[in-house]
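What follows is a single structure, written as structure tokens, with notes after it.
Values quoted throughout were computed directly from the atomic coordinates according to the rules given, and no laboratory measurement underlies them. Bear in mind the structure is a predicted one, so any value in this text is a computation, not a measurement. Cβ placement follows ideal geometry from the backbone for every residue including glycine, while neighbour counts extend to all protein chains displayed.
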Amino acid sequence: MNTAILAPDVQQYIDANLNGDVHRIALAKSPFPGVSAKELSAQIMAKKKSVKKLPTWFRHGQIYYPPLLSIEQCSSEITAKYKATLIGGGNVIDLTGGFGVDSFYFAKHAESVIHCELDAELSEIAAHNAKVLGAKNISCQPVNGLEYLAEHEVYFQTIYVDPARRSKAGKVFMLKDCTPDIVTHLDLLLIKSEQVIIKTSPLLDISAGIKELKNVAAVRIISTKNECKELLFILKAEFEGEATLTAVTLNDTIKEISFSLRDVAEQSVGKMKVLGRYLYEPDVALLKSGAFNQIAQHFGLEKLDQHTHLYTSDSANSEFPGRIFTVNEVYTAQELKKEKSLVGNVIVRNYPEKAENLIKKFKIKSSDNQFLIFTKDGNHGFIIIDATILQHY
């Protein structure tokens with residue numbers, strides 16, 4: 001960690017060049033004798049990446065940024081803030097601390113937080129930033145988190161771990177393929193804590209994750225702006241039974257809806273009677289839960305078709321996690337061909353053509369609020385719904 005980067009004139013330079021050409025800056029001669037051009041470029045790139053993802057860090061002066069990859073891999077501020085509400089106070093240990101975003105928010109709810117990070121420089125950076133941000137109850141340890149846990153006789157309210165995938169190839173992976181290997185060390189984690197929270201990529205298959213682990217009390221599927229960000233597997237040492245799945249959407253408001261695994265497995269498909277006044281498009285967190293028909297039961301909706309994950313009703317429920325549209329017209333493809341000056345954002349759900357092809361085929365102009373939804377319902381087959389957005393995510 002090069003503390004010369006924290007000098008006022010260097011910080012001013014970084015702020016003044018946030019919109020500059022970082023490649024040109026990296027190749028040019030540095031105006032500061034103690035800071036290289038490469039370091040300046042790296043700080044600028046990482047800080048710029050933090051504008052929306054980590055606004056508290058971005059707004060604070062004297063923040064030291066790690067390599068860009070660490071910023072890309074760390075939790076966003078909005079998800080970290082939510083996770084902190086799950087810890088229930090007490091002592092917390094973050095086994096894979098990284099840049100320290102999760103630890104910072106844990107510290108707002110916990111008595112104390114131990115931040116473990118094997119990369120000594122990243123640990124030093126996290127410690128510096130915690131001090132700058134006023135988090136006095138975080139202890140940053142440049143150690144292997146599992147080894148620290150095994151060597152110290154401390155019981156934690158919560159153990160948090162964010163294992164990294166060892167292989168980037170393919171979408172399918174298992175927890176045993178991650179570092180640290182939490183599956184092998186699961187007994188240690190459960191003995192040392194009241195609960196274990198494991199963050200994983202949203203690509204992990206939920207059922208497979210539950211089978212690999214044990215004592216899984218809950219799985220939380222976290223999304224923001226209809227993008228699934230992470231899965232949280234919550235393990236409790238004394239828990240026996242069936243895990244609860246909770247879809248969590250973090251937008252202007254937080255919406256949560258829970259299902260049991262049994263609900264998901266036993267649900268049956270009902271046939272839509274008639275397309276209602278409103279069309280519902282579930283958030284990706286709901287879809288990741290697999291509770292496609294339970295969604296309809298929970299909100300009193302009808303599903304368009306068995307394989308069409310869109311829903312309809314004659315009433316609009318603002319508690320629904322997802323988008324709601326007002327239905328204006330319904331067309332067949334032949335009827336749509338006769339329409340002129342078509343306007344709308346194109347959505348394709350269970351329809352045999354791609355959006356870009358349909359835009360060209362029907363000469364559709366884009367719009368902020370109008371939508372053309374190409375889909376299939378159980379009564380008429382393939383249809384196109386002209387709709388106006390009523391509720392965003």
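Candidates Ala291, Ile14, Ala120 compared by Cα position along the dipole of the chain: farthest toward the positive end lies Ile14, with charges placed on Cβ. The angle between the Cα long axis of helix 120-132 and the main principal axis of the chain comes to about 80°, on a 0 to 90 degree scale. In plain terms, the chain from Ala333 to Asn357 could stretch by 7.3 nm, reckoned as 0.36 nm per residue minus the Cα-Cα distance.
Only one residue of Gly89, Phe259, Thr388 has its Cα farthest out toward the positive end of the dipole of the chain, where Lys and Arg carry +1 and Asp and Glu -1 on Cβ, and that residue is Thr388.
Normalised radius of gyration (Cα atoms, divided by 2.2 N^0.38 Å) for the chain: 1.15. Rounded to the nearest angstrom and listed largest first, the equivalent-ellipsoid semi-axes of the range 275-319 from its Cα gyration tensor are 16, 12, 9. Taking every DSSP bridge with both residues inside the chain, close to 65 percent are antiparallel. Straight-line cross-link partners of Lys365 among the lysines, defined as a Cα under 19 Å from its Cα and at least 8 positions apart when in the same chain: Lys337, Lys338, Lys340, Lys354. When only alpha carbons are used to place a centre, the range 320-393 and the range 98-145 end up 48 Å from one another. Rounded to the nearest 20 debye, the dipole magnitude of the range 74-241 is 620 debye, with +1 charges on Lys and Arg beta carbons, -1 on Asp and Glu beta carbons, and the Cα centre as origin. For the chain, a Gaussian network of Cα nodes joined below 10 Å ranks Glu77, Glu230, Glu329 by mean-square fluctuation, and the top entry is Glu329. Rounded to the nearest 20, the Cβ-based charge dipole of the range 219-349 about its Cα centre (Lys and Arg +1, Asp and Glu -1) stands at 460 debye. Around the amide H of Asn328, modelled in the peptide plane, lie the amide H atoms of Asp386, Ala387, Thr388, all under 5 Å away and 5 or more residues distant in sequence or on another chain.
Amide hydrogen proximity for Ile347: with H placed 1.01 Å from N in the peptide plane, the residues at 5 or more positions away or on another chain lying under 5 Å are Leu372, Ile373, Phe374. For the range 200-311, a Kirkwood radius taken over Cα pairs fed into Stokes-Einstein (4 °C, viscosity 1.567 mPa s) yields D = 87 µm²/s. The 3J(HN,Hα) values that the Karplus relation (6.51, -1.76, 1.60; θ = phi - 60°) gives for the range 314-324 are, in residue order, 8, 10, 9, 10, 5, 6, 5, x, x, 8, 10 Hz. Gly and Pro appear as x.
A Cβ-based charge dipole, computed about the Cα centre of the range 273-355 with Lys and Arg at +1 and Asp and Glu at -1, lands at about 200 debye.
Quick check on my link table: of Lys52/Lys236; Lys225/Lys255; Lys211/Lys288; Lys48/Lys176; Lys49/Lys199; Lys199/Lys376, which ones sit more than 24 Å apart, alpha carbon to alpha carbon? Pairs exceeding 24 Å: Lys52/Lys236; Lys48/Lys176; Lys199/Lys376. Would you work out which of Ser76, Tyr311, Leu189 lies farthest towards the positive end of the dipole of the chain? Charges go on Cβ: Lys and Arg +1, Asp and Glu -1. Of the listed residues, the answer is Tyr311.
Applied to the range 84-93, the Karplus parametrisation 6.51 cos²θ - 1.76 cosθ + 1.60 on θ = phi - 60° returns per-residue 3J(HN,Hα) values of 4, 6, 9, 7, x, x, x, 9, 10, 10 Hz, with x for Gly and Pro. Spin-label model, Lys176 to Glu242: label points 7 Å out along the Cα-to-beta-carbon direction sit 2.7 nm apart.
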